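The values are calculated or read from the model by the stated rules, or taken from the named source; none is laboratory data. The model shown is predicted, which means the values in this text are computed figures rather than measured ones. Cβ: placed from backbone, ideal geometry, glycine included. Neighbour counts: every protein chain shown. Quick note on the areas: whole protein, heavy atoms, side chains included, nothing else; ligands and nucleic acids left out. Shrake-Rupley method; radii C 1.70, N 1.55, O 1.52, S 1.80 Å.
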Amino acid sequence: MNASATPSIRRRLLQNMVLPVAVLAIVFGIGGAFLIHSVVSLTQDRLLDAALVSIIDRATAQGPAHLDTTLVQGAIEILRDDANDTFAYCISDGGGFQRGDRDLCALDTGTAPLDRIVHVPADLDNNQVRVAITRRIIEGFGQPLTFRMAETLNSRLNMEARMLVVLVLFEAVLLSAAAILSYMAILRGLLPLTEISQELLGRASPGAVPFARIDTARVPEEAVDLVSAINTLMERLDETIAGVRDFTADASHQLRSPLGGIKLHLELLQRQAAGQDNLLATLSEAQNGVTRLQRMLQQLIVLARVDSKSDTVDLGQRVDLSRLAADVLAEQAPEALNRNIDIVLEAPDDPVNVTGNPLLIKEIIANLVDNAIAHSADGDCVTVRARAEAATGTIAVEDEGPGIPEEERSRVFQRFYQIARGNAKPGSGLGLAIARRIADLHGGLITLSDTASGRGLSARLSLRLSQTKSPD
């Protein structure tokens, strides 16, 4: 299953915290919208009532016959705002008496209650209006008069829209703040788990103790069981790997003595079989096999030593790559001379000092040179170059052999992996694996590439230069 398809704990917690807030924001938003509508309607209705009462008061004081436009205009000013609303009034009785807008008087708004104002929606001149209507007893009239005051809805709608925008903006800010604060709280709450992850990742670095227990004293209560299970797993894994390392080291050491005896007896037989070509060829093949087996055991011992003591080996020494390369070439010279292979060292006059363990770095160079000689033909040349470049010291081993296909270069660092070549000298398949393991232990890098001439392979070891100066 793809890991990216599973939401992280951080995302799940954020969703679980923000979604309820969002639901509440929607609920409160709907409730707020109804509240805004109610408040705006109540406020505007009261203003409409005030205008209607103003007209009623004037009619009561002066009589309907003296109610002119100036007096009505004063009442309408109570409702006036920037929304350009249209207003109309009407005074009528059951006998046809009428003042004001005839269309408003003609509206069927039902029978108005006496001395109480009610409000009804209506359609006047193709406009939606709000009508305030009441009946009052006026002196001089035989029956109650019906007073109506109508107002279009522009100001109401504009006020509701402004208040809704403010409500939406407020809820958006509130929701954003809740999301940000929730995310910060989640990050702070998950910080102990992040520290545990960083500690586990740090154990892959050189010099770290990979299987040490995690201190549960600083672990959150909810993660104690998980960390305890990890500690138990690491203890069992450490025991298993330690057993494998001990077995490899013990078996390798136990096999060295009998192999040495077999090789010694084969050498004695070769001396006694002088002149017997068939027997000599057989003995030579047997001795070559024993030699290869001895080399494999030696590499297994080195590999077991590196794996088992990687946390205690001293990697802080100053090492001269040029001197180590010269020592390795001196040791490999007899093998190269037997096969008529030239070996050349190119190194600067000044030391190329890097930081590491001299015995382990020498093992890297020896494996690289051994591979170069093994895959070279008679008469070829193996060149070893030591260089100091910026903050890096390098050893490049170049041969004139068949090289390694680019698609195989990552696989040759696997243990016991060998490229199938009919005419190649058989090996153990451990040399480059050991070299890579030691380079990783030093924080270095081994790269494989084509040579500048395009013939053969260039194996390059890069290590950080030592910061201390060489003694005079």
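Scan (1) surrounded by fewer than 18 Cβ atoms within 10 Å (Cβ to Cβ); (2) over 14 Å from Ala59 (Cβ atoms) for the single condition Phe141 breaks and write down its number.
In the conditions (1) surrounded by fewer than 18 Cβ atoms within 10 Å (Cβ to Cβ); (2) over 14 Å from Ala59 (Cβ atoms), Phe141 misses (2) alone.
So the check is Cβ under 7 Å with 6+ separation or different chains; which pairs have a first residue in the stretch 373-391 that's within 22 Å of Pro351 (Cβ to Cβ) and a second one that's among the polar types (S, T, N, Q) and surrounded by 15 or more Cβ atoms within 10 Å (Cβ to Cβ)?
Final answer for the pair search is Ala386/Ser322; Arg387/Thr394.
Take the stretch 373-407 and flag every residue that is open to solvent by less than 40 Å² (accessible area, probe 1.4 Å), modelled with pLDDT under 85 and part of a helix (DSSP H, G or I).
Within the stretch 373-407, Ala374 is the sole residue that qualifies.
Examine the stretch 153-160 for a residue that is open to solvent by less than 70 Å² (accessible area, probe 1.4 Å), in contact with a Phe, Trp or Tyr (Cβ under 8 Å, 6 or more places away or on another chain) and not in a loop (DSSP other than H, G, I, E, B), and state whether such a residue exists.
Checked against the condition, which is being open to solvent by less than 70 Å² (accessible area, probe 1.4 Å), in contact with a Phe, Trp or Tyr (Cβ under 8 Å, 6 or more places away or on another chain) and not in a loop (DSSP other than H, G, I, E, B), the stretch 153-160 yields no hits at all.
Can you tell me which residue is most open to solvent (accessible area, probe 1.4 Å) among those in the stretch 106-122 that are under 13 Å from Arg135 (Cα atoms) and hydrophobic (A, V, I, L, M, F, W, C)?
Here the answer is Leu114.
Given the residues Phe170, Phe141, Phe147, which is the only one that is among the hydrophobic types (A, V, I, L, M, F, W, C) and either part of a helix (DSSP H, G or I) or within 23 Å of His37 (Cα to Cα) (or both)?
From the options Phe170, Phe141, Phe147, the qualifying one is Phe170.
Here is a list: Ala5, Ala65, Ala25, Ala75. Which entry is at pLDDT below 65 and closer than 30 Å to Leu181 by Cα?
Values: Ala65 fails: closer than 30 Å to Leu181 by Cα; Ala25 fails: at pLDDT below 65; Ala75 fails: closer than 30 Å to Leu181 by Cα.
So the residue among Ala5, Ala65, Ala25, Ala75 that is at pLDDT below 65 and closer than 30 Å to Leu181 by Cα is Ala5.
Those residues that are free of Cβ contacts under 8 Å to residues at least 40 places away in the same chain, part of a helix (DSSP H, G or I) and not hydrophobic (A, V, I, L, M, F, W, C), I need them from the stretch 340-372; list them, please.
Lys362
Would you confirm whether any residue within the stretch 110-123 is at pLDDT below 85 and within 20 Å of Ser54 (Cα to Cα)?
Narrowing the stretch 110-123 to residues at pLDDT below 85: 110-112.
Applying the additional criterion that residues be within 20 Å of Ser54 (Cα to Cα) yields 112.
Yes, the conditions are met somewhere in the stretch 110-123.
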